Each structure stands twice: as C-alpha cells, then as structure tokens.
1. FRET efficiency for A:F85 and A:R188, Cβ-Cβ distance as r, R0 = 25 Å, nearest 0.05?
2. Could you check the simple spin-label distance between B:K101 and B:L280, using points 7 Å along Cα→Cβ, in nm with one decimal?
3. Using just the helices of chain A, give the 222 nm mean residue ellipticity in deg cm²/dmol: DSSP H runs with n ≥ 4 each add -39,500 (n - 2.57), and the total is spread over all residues, rounded to 500.
4. Among B:Y58, B:L149, B:V136, pick out the residue whose Cα is farthest towards the positive end of the charge dipole of the stretch B:14-157, where Lys and Arg carry +1 and Asp and Glu carry -1 on C-beta, about the Cα centre.
5. Take every Cα-Cα pair in the stretch B:195-433 and report what % of them are more than 21 Å apart.
6. From the convex hull of the Cα coordinates of the protein assembly as shown, what is the mean projected area in square nanometres?
7. Once you put a point 7 Å from the Cα of A:W53 and another 7 Å from the Cα of B:K15, both along the Cβ direction, what distance in nm separates them?
8. So if I take the alpha carbon set of the stretch A:3-59, get Rg, then get Rh from the Kirkwood formula, what is the Rg over Rh ratio?
Amino acid sequence: MSRKAKSHLEVALIYVFLIFMAIVIGYPLLWTVGMSLNPGTSLYSAQLIPENWSLVHYKWLFTDPSSDYLLWYKNSVIVAVANAFFSVVLTSFVAYAFSRYRFVGRRYGLYAFLLLQMFPAIMAMVAIYVMLNMVGLLDSLIGLTLIYIGGQIPFNAWLVKGYFDTIPKELDEAARIDGAGHLGVFFRIMLPLAKPILGVVALFNFMAPFVDFLLPRIILRNPENFTLALGLFNFISNQFDNNFTRFAAGSILIAVPIAIVYLLSQRFLISGLTAGGTKG
Amino acid sequence: MSTVNPAAKKNHNPKLAVILSILLAGLGQLYNRRYIKGSLFILLEVSFILTLGEFLNYGIWGIMTLGTLQGVDHSIILLIYGFISIILIAFAIVLYVANVKDAKRDALRLQRGEKTPGFREAVKNVWDVGFPYFFVTPGLIMLAFIVILPLMFTVGLAFTDYSQSNQPPRNLLNWVGFDNFARLFFQTGGAGNNIWQDTFISVFTWTIVWTLVATTLQIALGLFLALIVNDPRIKFKRLIRTILILPWAVPAFVTILVFAAMFNDRFGAINTDILAIFNLSIPWLQDPFYTRIALIMIQTWLGFPFVFALFTGILQSISKDWYEAADVDGASRMQKFRSITLPHVLYATAPLLIMQYAGNFNNFNIIYLFNEGGPAVRGQNAGGTDILISWVYDLTFELNQYSMAAAITIILGLIVTGFAVFQFRRTRAFKEEGNI
C-alpha cells in the first residue's frame, strides 16, 4: 500500500470512528426529544419517532393548574442568582486575602481548602439537615442557598486565588503609590482584571442549582419550594413509566438553555479551570 | 538604639504586661497606656463571657455526657451545641493569643521608648495588619458553620450508638468508642452476623474498581479523541468538537435518568430496539454484573468530553518545533506521542485528572439515579452497585443506621485525604508557595 493510500485509509477510519461517537452521543439525546413528543405518558408504548407527535406535555407543564413547573423555574432562578452573586463576592474576598497578604494561618488555610474541596456535601448531610432544622431554615430556599454558598468556598477560593496570583504585583504597587488603599487595589485592580475567572465562578454557581438534585432533596419538602431538578426527579421517582414523557419534556426545557450556555462558554470555562487548576 | 533613647522606660516590664493580659484580656494594654485599646478588649471579653458563657458551659457539658435525662435532653442537639462551643472557644483562644502577643509587643516598644501611636494612627495600624483577617472572616464563618461543623458532627456521630432502635429524643445516645468500626471490620460472629464485614468488603472493592476503571476509560477516550480530532488531515473540527462536548453540556442528572429508562430491562430502548436485532435481552437492572457494566459505560459517556476539551486546549498549545525536531531525528509516531505529547498533556492537567478520580470515587449521582445502587444482593445491606458514598446515603436515609453511616464516612474521608495529599505533592504551586 502506498503512503498516500495508507494516509487516506487512516483518515477514513478516523471519520468512521467519529461518526460512531456522534451516534452514541446523539442517540440518547434524540431519543429523549422523541419521548417528549409522544402523546401518551407511558414509556412502554412510546416510540422513538412518534406517528402522531404532539406538544401536549410541553403545554401541560406551562398551562395545567396542577403543574408547578413555572414555580420551580422561578425558585431555581432565584437560588441561582443569589448563589452566583454571593459566591463571587465571598470567594473574591477570601482569594484576595490569600493571594496578596501574608498572615498567620495562611498556609494551613490553603491546605484546608485543597482538602475540603474534595469532601462532597453529602458526607455531612445529617448534620446539615439537623442544623437547618434547628434554625428553622429547613424546607426553605434561603437555607438551600446558604448551604450552596458555604460549600463552594474551598474549590472556588482556590481557583480565584490561582488566577489572582497571575496578576502582576507591580500593578498593586503602582496603584498604592498613586494612593490606593487595600480596598482600592481590590476594587480597581484585582476585580476588573480577574473578570474572566469571576465569570467562570458566577457561571458554575448559577448552574449548580439547576443541575443538583441531592441537596434540594434533603432540604426541601414542600413541592412549592422545589427547584427544577428535584421537581423533575419526582415526576419519575415514584411511578417510573407513568410520567416519563412529561419528565422528558421538562428536562429538554432546562437542558437546551444550559447546553447552549456551556457550548458557548466552554473555551472560557476550560481555560479558567486550567489557569486556576494548574497553578494551584 | 534603646540605650540612647531618652524616652526609654527601662522599668516597664514586658513580662508583667504578658501576665496581666493573660489574667484578663486588655489589662496588659492598660498597663502599656493604650487605654482605648485596653478598654475595648476588656469590654469584648466581658461581653463574650456574659453572652456566651452559659451556652459554652452547656455545650461542653452536652458533648461530654450527651445528656443525662432520658426524654428531656436531646443528644443530637447537645452534640451540635458542643461542637459549636468548641468552634467558638477555638476562635476565642486565637483572639486571646493575639491579645497576649499584642500586649508583649507594645510593652517592648514602650520599654524602648518608641512613641505611642495616636488614636488615628492606631486605627490605621489595625486596618493594615488586620485587613486580610477582615476580608477572610465572612467566608471563614460560612465555612466554619456550613462545612467544618457538619464534618465535625459526622466524626462525632461515628463514635455514638445512634441507630434506628436508639433515636433521640426518645432515647439518649452514648459514646461507644470504636465499637462501630470494630463492627464494620471484624464482626464475623455466627450465621448472618457478619453482614457488616461482608458488605463493607464487597462495597469497598467495587468502589475501587469503579473509580479506577470508569475514570481511566473516560480519560483514555478523551485523550484518544483529542488526538485524532487534532490531526491536521481532519476537517470540520469545530463541528466535531461541539458534538463531542455535548454530553458535558447536558445536565448529568437528566442524562442519567434517560439512560436509566433506556436500560430498562423490559421496555428500555437498549433491549427492545438495539439488542432485539441480535435477538438478545440483557437484564441490565437485575443482574449486578450487567448493572456495573452499564454504569461504567454511562460514566465514560458522561465523563470523556471534559477530558477531551481539556486535552484539546493543551494539544493546541504544544509548540510545533518539538515535533519538527523529532521528525528530523526520525522519530516514529509512537515515539513522538510518548516523549512529547503525553508528558506535556499530563504535566499540565495532572491536578485536574486527580480530581476526576476523586470525583468518581464520590460519584453519588450516577449510582443513585441509575438504579439506586441496586439490584439488591442477598446477605448484605447494600445494593450490588452501591459505592461507599451511596451506601452511606442508604444507611442514613433508608435504614437509619446513622452511626454506622458516619463511621463509613470517616473511612471515606481518610481515603479522600489520601487523594488530597497526592494532589499537594503534584502541585507545583505548593513548592513555590514555600518561598514567598
């Protein structure tokens, strides 16, 4: 076989493999779309390409009086916005102190962050449940948001600190000579220059309440307080095959916007993670 | 300098300042003629004792005894009060030590005859020295109560006898030492009595296999795809990359639940549409072996895009010069991959790859959402695909074996700490950190 033919064969094999991957990736996603268009509610009778497709499930989610879908959407957005905002504020404070100041306990603090970010919240869920119950924040969106904000600190403080470290110290010094204080450097130098990583933190924390179902499941009881992920999970957790098509419709309505955001920002997210990650 | 300074007060005694400030925060400062600071410290200490003294006393008593009156004292609440007290006392001790150090420093200054700073200057000093602490405090308080306190509570719980048959407020809990761990590791008594040991061994081994196999597969697939898509002969790179990243972009809980439906034994698409062509039907959700296979395949599907995106970024940043130099030396493709590509890629991404292993080790979502850790297995109290963390969840919320769950959580924590230590060593930044 000539060198050229061998190269052609290789390229052909690569394309074949990529097409295979595209099918493996696309099939479950398209299948979900197909399910959501089936008029029935049972998984058993549902077809991949329904003969008489309909948008009845989508309509149900938005218009049926017994549907809490819009309420869940609203809850999720409230939690997401609060979580994104307060997470960025708190973590940038912590990261600034750890990046620019030398103080007693700094080294141990960094070790603690690196260690704590590996502990998932679920390891301490009994305590979280009991404590929220004690302070009367069980089954409330405020309680849920507080847990999210506190839990994200170790990972994100580390990420943002790593990014702050890459901003040259000469800039701070120049600003200090011009009369800027501790806060002046923070607000006028660090924050504007760290916008990319703060964007990553905001985005991650905005997404978290949409895709996490575990904490809401432990904390929230009343369907009026549910977030989207928990509400959708409850569609199918009890009567599995009964509401699957409705679950599919509801899922697509959150998966599509989230997927678009991720696809548009993936370069930004990955570079943020490697910038903070490899540094620290 | 102090010998020539006429304002030096040789008779001012730093030791006395230290002793006074140990006796009562602020006394040393008063002795140092820092009257405003001294009164502030005294005010703080007195109000700390007045407002929290009783609570601390109660909390410490509570954590020592876990309550003494059955039906009145609630052991769990006492346990939490106890840990809150410990955290508050730790904060107080840190402040107290700072107060003593401050008294000593000021006394030495006074002895040397340095000018006592005026109020305005003193405030500025506090602001300068204390600034990082002020900035860290809000985050630290959140962290202390939302992350550290719950973890301490879990550790505490592991040494009590909190179980379904022994629950507050009806019963009091007791400290039982390492009994729960002994039960987990060694209890091999008569028939059916060694359920904990059996379950622990089987869950633990599957957790290790799961972590290694699923994570390695997702990294290998991600790397392979990044390499072939990066090949200069391949066209439509943007489109291909977008498609390959899709599984990462779609929320995982949705895809896992969709897969759970697709793998359904009786009417899932895998069995009815795909395997039916080959006249096959596999009990995906009934047989632990097949459930494990399905889980590993799904995790590979979910996990490879992130690795792919990560590696693609690194591959694009490797300088072409390396490869040209290797071509001149007549290196084969395999040699180039092993000596240039792989070291570059792994060096830049090692911490994130370790995080992938740690993530899968604690990947509760996929295990729980796919089949709730099932199918059930005879002779053990965990499902056939339960990993440690999902077993902990079951023990807590289904079986109410709180103390055993906490004991397993501690073991989990130790293993995770192992990952973290590994991470410390791999991380360049920490070596540099030492010199700053």
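1. 0.80
2. 6.6
3. Result for chain A: -24500 deg cm²/dmol, rounded to the nearest 500.
4. Looking along the dipole axis, the top candidate is B:V136.
5. That tail contains 65 percent of the Cα-Cα pairs.
6. With every direction weighted equally, the projected area is 41.5 nm².
7. Distance between the two pseudo-spin positions: 9.0 nm.
8. A ratio of 1.34.
Values in this text are rule-based calculations from the coordinates and carry no lab data. Worth saying up front: this structure is predicted, and the values here are computed from it rather than measured. Using ideal geometry, Cβ is built from the backbone for each residue, glycine included, and neighbour counts are taken over all protein chains shown.
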